[in-house]
1. How would you order 57-63, 306-312 from highest to lowest mean count of nearby Cβ atoms within 10 Å?
2. Taking θ as phi - 60°, what are the ³J(HN,Hα) couplings along the stretch 139-149 by the Karplus curve (6.51, -1.76, 1.60), each to the nearest whole Hz, with x for Gly and Pro?
3. On average, how much accessible surface per residue is there in the stretch 190-307, in Å², for a 1.4 Å probe, leaving out ligands, DNA and RNA?
4. Per residue of the stretch 110-115, what does 6.51 cos²θ - 1.76 cosθ + 1.60 with θ = phi - 60° give for ³J(HN,Hα)? Whole Hz please, x for Gly and Pro, Karplus curve as stated.
5. If packing is taken as the average count of other Cβ atoms within 10 Å, what order do 356-364, 157-165 fall into, highest mean first?
6. For the stretch 58-161, what is the per residue volume of the convex hull drawn over the alpha-carbon atoms, in cubic angstrom?
7. Per 0.36 nm of contour for each residue apart, how much would the distance between residue 254 and residue 73 grow if the chain were fully extended, relative to their Cα-Cα spacing?
8. Modelled label-to-label distance, residue 106 and residue 277, 7 Å Cα→beta-carbon offset: nm?
Amino acid sequence: SGIKVSGRNGVKGESGASDDELASDVLSHYSSASESASVVDEATGGEPVDEQTAQEETEDKLKQCIDNLMDKSAKTRLAALDSLGGAFSSKLLYDFLIERRLTVSDCLERSLRKGGGEEQAAAATVCAQLCVQLGGGDEGEEGFKILRPVLSAIMIDGCASVSARQSCARALGMCCYVSAAEDGEDLVKSMSHLESVFTMSYPNREGTLPTPNAGAPGLHSAALHAWALLVTLCPASRLTVLHLPKLQACLESSDVNYRIAVGETIALLVELGRDIDREFEFEDSDTLCECLKGLATDGNKHRAKNDRRKQRTIFREVLHYIENEDFSEEKIRFGVEGIYIDSWMRRRVYDAFKEVLESGVRHHLQFNPLLRDIFGLGPPLILDSSVKSSKISRFEKHLFNSAAFKARTKLRNKVRDKRADVM
């Protein structure tokens, strides 16, 4: 289940192939998680070629995409970012990227600093995917140190395009979750920058919610979701539930998706509070429950039917959790395996990876040691057809022996599920 990506306007790259051709060529190799071992090479008149040849051709096309990130034409750079994004989401490319990670990071940084809004948004998404590809080892941390300042700068820049700011918020959350160092400095800075964005939606001293500018609710939702992802890493001493009263006020927001993001975050904070202290009580829980009941039964005809349905479903879940600690368990299946989403924390972590990897998330759950470690799945059961067994063991060996990775595993192990299973 790959992601369809098309190049823009067929601009010719240096190779003579148009961006459209390059994008579709790259993704023809990366479009299916279950592709067969032999890839038909059109150039040989439909004769099957061996896996190694197919792999080399794909890598050549990816190299061309990386070269195109430095092209003078914005359209060429954008098409290259789209192609890389599709490839990064739907395959494991650790061996290919480990030797080129600094080049790719430099190109992404340049697109973020000098590109237009659309290019910045695309580059930020690829930053997040790059961190997921490199895993939680030293290389990912090194890349994050380069990219964090520019992702933060765009996100908090009121003059930047809203879509770029939104994409940077999402990328900052994911990159920090995967790669932040154990000392917590990057974590604290990233959370602080994210807070500075979504707290703009908080009520003023008179208790009135601000009138949102165009696109603001989407930006606030992305920043709040990213912040909530990072909250799951916070030690008990740093966990702050001080946001709860202000977030409760934001349940009155005029934007349905922001109301839902706020509701999910409230549930997550209460869950984390209860994990630390079984007696944890939200000081004004009666008012909160009344508000949640209203949203769970909202029949306001001014709202779109789908919005009402989505809102009622989520807020019924939030209400049941706050009142009775009930959680609607969900099972995500991939290959012969599955994971249970049985807490608000696991839902936030899974949703964050799904936002970044889109339909490739199941492929990464099957094969990427980083996601398998986060969700407590152990080593991959079967190998990705594009990765020789010796290579994947190299990736795993490198990752699992890395002190930084071990430290982050410890930090994230609250998310593990003892019941990850094989069907």
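The values are calculated or read from the model by the stated rules, or taken from the named source; none is laboratory data. Here the structure is a predicted model, which is why all the values come from computation and not from measurement. Cβ sites come from the backbone with ideal geometry, for glycine too, and all protein chains shown count toward neighbours. Side chains included, ligands, DNA and RNA excluded: accessible areas come from the protein's heavy atoms. Shrake-Rupley method; radii C 1.70, N 1.55, O 1.52, S 1.80 Å.
1. My ranking of the peptides, most packed first, is 57-63, 306-312.
2. 5, x, 5, 4, x, 5, 4, 6, 8, 4, x
3. On a per-residue basis, the stretch 190-307 sits at 48 Å².
4. Karplus values, whole Hz, x for Gly and Pro: 5, 4, 5, 6, 10, x.
5. Ranked by mean Cβ neighbours within 10 Å, highest first: 356-364, 157-165.
6. 87
7. Answer, rounded to one decimal: 61.2 nm.
8. Result for the modelled spin labels: 5.2 nm.
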